[in-house]
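Read the figures in this text as sums done on the coordinates, not as results from a lab. Keep in mind that this is a model prediction, so the values were computed, not measured. In this analysis, Cβ positions are derived from the backbone assuming ideal geometry, glycine residues included, and neighbour counts consider all displayed protein chains.
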Amino acid sequence: MQLNVRKMRLFDHENIHSSDDRDEYEKDYARLIQSPAFRRLQGKSQVFGAGSGDYYRTRLTHSLEVSQIAREVARKLGKSYAFLAKKEHPGLMLDPEVVECASLAHDLGHPPFGHKGEEVLNELLQADCGLKYEGNAQNYRILMFLEKRAGSDSGLDLTAAVLLAINKYPFCIEDPGKLKGVYSMEWEGIQSLRQKWGMPEGCATLEAQLMDLCDDIAYSTHDIEDGIRAGKIQMNTNLFEDDRLVANVMQEIENDPGNEVMRWDEVDLKQMVKQALHHYLQQWESIYVECGREPSRTRREMKARWVRKFVSGVGIIDDPATGWKRVTFIRDGVQDMELLRTMEILKKLAWVTLIKDFRVQRLHKRSEIIITRLWDSFKDPDMGRLILPPDWLESYERQKGKWRWERMVSDYIAGMTDAYAEKVYAEFYASGSGTKWGSLYDRD
Ligand SMILES: Nc1ccn([C@H]2C[C@H](O)[C@@H](COP(=O)(O)OP(=O)(O)OP(=O)(O)O)O2)c(=O)n1
């Protein structure tokens, strides 16, 4: 019975493969891996611009790393927690295949140029028409409406378990006070699934929580690895004794007062930052010697050890505040605050050394200019109708007024890779010898 609730699909009208013997999650995996939205992640920035170096992460390689980590952790937890085997509640189960699919899909909604693109598109939409743009909400536009699969016009029509495992923020984003969530049109479907499952309000499934934590494990470690490779973080120095760096990290923490892991009223903030950096770096010297003083091997080994350390800390506890369960780092049956803080401080370290680096900031400035000019070019329906690809217009017309024009334009811009956004921008605005005209044979 519960399995059916987990494997049900929202639309499921015409399944051309209904006679095949694949498991429902195998179908989800195939639909995701073979979707154009998934392929386009290869051209979307993680931190450095996609295409700025073959070794740096893109949203695609990041999503693959998250899915590998999340799948393994789900299997491991499945063996350690007896309640998971009882399958008493569909939201309190951990299927490795489900977290794998959710991880592959969790960043589909990112526009070109990563978080900066998301911020700019949101500001433009809000200022011009009062709509919001948010990457997690956009995941559902893509999965439920924009992607097509053989035999259906209604998105990828994934199983309920996978859809809810992507839902980190189980809210309607258009409700007052919500910065993240699901747009109202898609929230209807997600909410109906949550009700069928009996999900408590505001709580995410265990699978969504695990995907979220594994996303953090992946990027907090690989961003540092990318940063060392780019020469922005010097690991062979005693980072925790670098007063300016420690002060910058402290400043970022103070700028993020809502972060519950960082309750610095409870601890000495400076001490906490120094301790976490010390904790992180402890093994650096010995790994360096073990790896024959080879920087690239040392970097990889350090990253691998930290992923293993974080992974081995993942557990499930009761959450007295909600009566639901919580996936987090645990030690001796309680939340491991030291490990949680170390991870948060790694994120801040990446922030102050990489994201605030002037070259990355120039990339952000450029992406702001490009996205703003693209928005200005397409937002007016009279002009937009002349310059949008015909299949986008046809999809829009088929909705017979259910979609607002601005939502469709933001879908179009958000779907672009970094390079494609650059190309369309150059078609409109570059002059002289720098002009790059689109070829007649390019697919838009
Ligand atoms: N202004 C920013 C913010 C973040 N990043 C990078 C750092 C990480 O590599 C990644 C984090 O992105 P996610 O979408 O995984 O972030 P969250 O999970 O924190 O965001 P959300 O809760 O919105 O999903 O993006 C960046 O380059 N520039």
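The GNM of the chain, with springs linking C-alpha atoms under 10 angstrom apart, assigns the highest mean-square fluctuation among 95, 411, 54 to 54.
What do the square roots of 5 times the Cα gyration tensor eigenvalues come to for region 361-437, in whole Å, largest first, as semi-axes of the equivalent ellipsoid?
Details: eigenvalues 121, 39, 21 Å².
Values for region 361-437, descending: 25, 14, 10 Å.
Within the chain, which is the longest segment containing none of the trypsin sites (Lys or Arg not before Pro) that sit in a DSSP loop and have at most 16 other Cβ atoms within 10 Å? Free of exposed loop sites, the longest segment is 181-262. What FRET efficiency comes out for residue 376 versus residue 196 if R0 is 41 angstrom and r is the Cβ-Cβ distance? Round to the nearest 0.05. Efficiency, from the Cβ-Cβ distance: 0.45. For region 35-138, chymotrypsin sites (Phe, Trp or Tyr not before Pro) are listed when DSSP marks them as loop and at most 15 other Cβ atoms sit within 10 Å of their Cβ; the list is 55.
Given contacts defined as C-alpha pairs under 8 Å and at least six residues apart, what's the relative contact order of region 3-197, whole-number percent? Mind dumping the intermediate values first?
Details: 285 pairs, mean separation 47.2, N = 195.
Result for region 3-197 is 24 percent.
Can you tell me the relative contact order of region 233-356? Whole percent, Cα pairs under 8 Å, sequence separation 6 or more. Here the relative contact order equals 28 percent. Here the Debye sum runs over all C-alpha atoms of the chain as equal scatterers in vacuum, and log10 of I(q)/I(0) at q = 0.09, 0.10, 0.12 Å⁻¹ comes out as -0.62, -0.77, -1.11. Each listed q (0.12, 0.15, 0.18 Å⁻¹) maps to a log10 I(q)/I(0) for region 233-356 from the Debye sum over equal C-alpha point scatterers, namely -0.51, -0.77, -1.05.
Across region 306-444, the relative contact order, built from alpha-carbon pairs under 8 Å that are at least six residues apart, equals 13 percent. Look at 121, 64, 277 and count the other Cβ atoms within 10 Å of each Cβ; fewest to most, that gives 64, 277, 121. Of the three principal axes defined by the Cα atoms of region 103-213, the extents in descending order read 37, 36, 26 Å.
In terms of distances greater than 31 angstrom between alpha carbons, the cross-link table entries 7/303; 79/274; 270/356 yield 7/303; 79/274.
Convex hull over the alpha-carbon atoms of region 3-197: what's its volume per residue in Å³? Don't skip to the end; give the middle numbers.
Details: hull volume 26.6 nm³, N = 195.
Expressed per residue, the convex hull around the Cα atoms of region 3-197 is 136 Å³.
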